[in-house]
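The values are calculated or read from the model by the stated rules, or taken from the named source; none is laboratory data. Predicted model only: the values in this text are computed from it and were never measured. As a convention, Cβ positions derive from the backbone with ideal geometry for all residues, glycine included, and neighbour counts pool all protein chains shown. Surface areas here come from the heavy atoms of the whole protein model, side chains and all, with no ligands, DNA or RNA. Shrake-Rupley method; radii C 1.70, N 1.55, O 1.52, S 1.80 Å.
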Amino acid sequence: MEDYNALVGLWNKSGLPYKPKGRDRRDRIENELKGGSAVFFVALSENELAGSVFGTHDGRKGWINRLVVAPEFQRRGIARMLVDRVEEVLYELGIEIIACLIEDWNSNSMEVFERLEYKRHTDIVYFTKRKNTDV
Ligand SMILES: CC(C)(COP(=O)(O)OP(=O)(O)OC[C@H]1O[C@@H](n2cnc3c(N)ncnc32)[C@H](O)[C@@H]1OP(=O)(O)O)[C@@H](O)C(=O)NCCC(=O)NCCS
């Protein structure tokens, strides 16, 4: 959790949308980590935060969330390393399917996940029910 403020800075700098009043709120992330179904990895260069990822699972399916690498550290294999590490942890827990949701404007991220051997599904439409727009 000591990386939280730096992480918010990184999300801002990298143009990654996040929900500071909702699911990305400090105490929510803290609770998720305590709950044992989430892992949070950071990539550090010296002491600088270069990237991070948040992996979760619901006992059935694993999720890659909030993958981000600072612009000056991109294209050096850091995202691949972070995703590999989350996959390793999830596979150890017996999770056999790992997914991620990518917003339709984010074609860079789609290309990255394809390079990481994730299959694109165009036949699935995402439905949610939200208590409010911040979650
Ligand atoms: C997506 C992101 C995390 C990738 O980080 P990165 O550290 O540059 O990625 P890597 O260097 O590990 O690259 C992984 C693979 O994707 C490829 N790749 C990276 N950026 C790419 C791009 N913009 N377009 C196409 N391919 C790309 C790399 O060549 C590599 O493939 P290879 O190993 O087969 O050569 C980074 O661009 C980012 O933070 N973007 C803004 C935040 C974001 O959109 N996050 C995703 C939310 S779903």
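Sorted largest first by accessible area at a 1.4 angstrom probe radius, with every protein chain in place, the residues 11, 63 fall in the order 63, 11.
Note on residue 91: accessible area approximately 130 square angstrom, rounded to 10, probe 1.4 Å, nucleic acids and ligands left out.
With every protein chain in place and a 1.4 angstrom probe, the accessible-area ranking of 92, 87, 111, 48, largest first, reads 92, 111, 48, 87. The order of 93, 16 by accessible area, most exposed first and with a 1.4 Å probe, is 93, 16. Normalised by the number of residues in the range 4-115, the average gap of Cα pairs under 8 Å and 6 or more apart makes the relative contact order 21 percent.
Each 10 Å bin from zero up to the one holding the largest Cα-Cα distance in the chain carries the following percent of pairs: 11, 42, 40, 8, 0. Quick check: residue separation of residue 47 and residue 124 times 0.36 nm, minus the Cα distance between them. What number comes out in nm? Gain on extension, residue 47 to residue 124, equals 23.7 nm.
If the chain linking residue 105 and residue 93 were pulled fully straight, counting 0.36 nm for each residue of separation and taking away their Cα-Cα distance, it would gain 1.1 nm. Spin-label model, residue 31/residue 2: points 7 Å from Cα along the beta carbon direction are separated by 2.5 nm. Measuring only protein heavy atoms, the 1.4 Å probe finds residue 133 accessible over about 110 Å². Entry comment: accessible area of the chain is 69 Å² per residue, from protein heavy atoms only and a probe of 1.4 Å. Only helical runs count toward this figure. For the chain, summing -39,500 (n - 2.57) over DSSP H runs of n ≥ 4 and dividing by all residues gives -10000 deg cm²/dmol at 222 nm.
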